[in-house]
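Visitor: Please read through the structure below; I'll follow up with questions.
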Amino acid sequence: MNLSDSRTRRQPEAAERRPVVRVGAAEAVLAELRGDIEAGLAPVGSKLPSEAALASRYEVSRSVVREALRSCAALGLTETHTGKGTFVVSARVSGDLVLGRYSARDLTEARPHIEVPAAGLAAGRRSEDDLATLRGIIAESALEDDPAARVALDAAFHSTIATASGNRVFEDVLADLREALAHQSETLNLLADRQAASDHEHREILDAIEAGSPERASAAMARHLAAVDDAVERLGAPPLM
């Protein structure tokens, strides 16, 4: 069984892992780790192998393993302690993603009150430099293969809109949320296949801002946030067998 070609999980008694070899490597590693934890093969309280050991086991880079481990932590399955390692803390996915200092619920409740009006204001106040930055982010995202770079671009897109709104409160709040937004984007890209949909939604938001329509920009941002929230809600479902 090739993990990158199939979502079919190995049986618990099969100890041997096959190499992960395609662009879905981080997703495949995450699926394996999540499956081991949920099946009790990596029981609560146990310490996971080191990044180097996991990279060797799956024949992937340490950055791929690191990405998968961050999403494990976001799902509430593990916690990583600097200098000590990563430990299993739950056998079930949390009902609320852990995203740095904030949870998915925190973001779900707050973002519509910040980003929807910010998008509307940006449509009326954006400068040519703001538009050029947003266009550049979208163009770069379409060509970017590195997951970490993509999530950084996603966070930059939202931060740039807050800056373009001309409201320092919105700008400062989005700057504070930037790390949490990146964590959320990374996890959704791995588990909910949100990359293509998110790119399309971002283009709709930019089109509305570029057209100078506060109503369209606000509505486009509201649709985008609703789609993100829907994807987060689905993350608690068990993995496909």
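Visitor: About its Cα centre, how strong a charge dipole does the chain have in debye, to the nearest 20, once Lys and Arg get +1 and Asp and Glu get -1 at the Cβ? All intermediate terms of the calculation are to be shown ahead of the outcome.
Guide: Numbers: 28 positive and 38 negative charges, 152 e Å.
Its charge dipole is roughly 720 debye.
Visitor: Among the GluC sites (Glu not before Pro) in the range 22-108, which ones are in a DSSP loop with at most 15 other Cβ atoms within 10 Å of the Cβ? Mind listing them? Provide the component values of the computation, followed by the final result.
Guide: Working: sites: GLU27, GLU32, GLU38, GLU51, GLU59, GLU67, GLU79; in loops: GLU59.
Within the range 22-108, the qualifying GluC sites (Glu not before Pro) (loop, at most 15 other Cβ atoms within 10 Å) are GLU59.
Visitor: May I pose another question? So, with +1 on the Cβ of K and R and -1 on the Cβ of D and E, and no other charges, what is the size of the charge dipole of the range 27-164 about its Cα centre, to the nearest 20 debye?
Guide: Values: 15 positive and 20 negative charges, 88 e Å.
For the range 27-164, the charge dipole is close to 420 debye.
Visitor: Angle between the Cα long axis of helix 195-210 and the longest principal axis of the chain, 0 to 90 degrees, nearest 10?
Guide: The helix 195-210 is inclined about 10 degrees to the chain.
Visitor: Also: Given a Förster distance of 25 Å, report the FRET efficiency between LEU131 and GLU179 from their Cβ-Cβ distance, rounded to the nearest 0.05. Let's see the in-between values first.
Guide: Numbers: r = 26 Å, r/R0 = 1.03.
Efficiency, rounded to the nearest 0.05: 0.45.
Visitor: Next question. Assuming R0 = 25 Å, can you tell me the calculated FRET efficiency for the pair ARG105 and ALA211, based on Cβ-Cβ distance, to the nearest 0.05?
Guide: That pair, ARG105 with ALA211, gives E of 0.15.
Visitor: Turning to a different aspect of this structure: What is the set of long-range amide H partners of THR78 at a cut-off below 5 Å, with H atoms built 1.01 Å from backbone N?
Guide: ALA73, VAL89
Visitor: Now, a different point. When N counts the residues of the chain, how does its alpha-carbon radius of gyration compare numerically with 2.2 N^0.38 Å, as a ratio?
Guide: Values: Rg = 19.1 Å, N = 241, 2.2 N^0.38 = 17.7 Å.
Rounded to two decimals, the normalised Rg is 1.08.
Visitor: Pull out the extension gain between ARG223 and SER63, defined as 0.36 nm times the separation in residues minus the alpha carbon to alpha carbon distance; nm, one decimal.
Guide: Values: separation 160, 0.36 × 160 = 57.60 nm, distance 3.21 nm.
Value of the extension gain: 54.4 nm.
Visitor: Hey, another quick one. Each label point is 7 Å from the Cα along the Cα-to-Cβ direction; what then is the distance between the points at ASP199 and SER90, in nm?
Guide: 3.2 nm
Visitor: Pick out which of HIS158, HIS81, HIS113 has the largest mean-square fluctuation in a Gaussian network model of the chain, springs linking Cα atoms closer than 10 Å.
Guide: Answer for the Gaussian network model of the chain: HIS81.
Visitor: Could I ask something else about it? So, R0 is 35 Å and r is the distance between the beta-carbons of GLU144 and ALA52; what FRET efficiency does that work out to, to 0.05?
Guide: On the way: r = 26 Å, r/R0 = 0.75.
The formula returns an efficiency of 0.85 here.
Visitor: Which whole-number value in Å² is the accessible area per residue of the range 122-241, probe 1.4 Å?
Guide: Working: 5730 Å² over 120 residues.
Heavy-atom SASA per residue in the range 122-241 reads 48 Å².
Visitor: Calculate the dipole size of the range 130-219 relative to its Cα centre from +1 charges on Lys and Arg beta carbons and -1 charges on Asp and Glu beta carbons; express the result in debye to the nearest 20. Intermediate values should be presented prior to the final figure.
Guide: Values: 7 positive and 18 negative charges, 35 e Å.
In debye, rounded to 20, the range 130-219 gives about 160.
Visitor: If I histogram all Cα-Cα distances within the range 133-194 using bins 10 Å wide from 0, what percent of pairs lands in each bin?
Guide: 24, 50, 25, 2
Visitor: Hey, another quick one. Go through GLY124, HIS224, ALA26 and say which Cα lies farthest out towards the positive end of the charge dipole of the chain; charges sit on Cβ, +1 for Lys and Arg, -1 for Asp and Glu.
Guide: Towards the positive end, the residue furthest out is ALA26.
The values are calculated or read from the model by the stated rules, or taken from the named source; none is laboratory data. Bear in mind that the values here come from a model prediction, so they are computed numbers and not experimental data. Every residue, glycine as well, gets a Cβ built from its backbone with ideal geometry; the counts of neighbours run over all protein chains shown. Just so you know, the surface numbers come from the protein's heavy atoms only, side chains and all, with ligands and any DNA or RNA stripped out. Shrake-Rupley method; radii C 1.70, N 1.55, O 1.52, S 1.80 Å.
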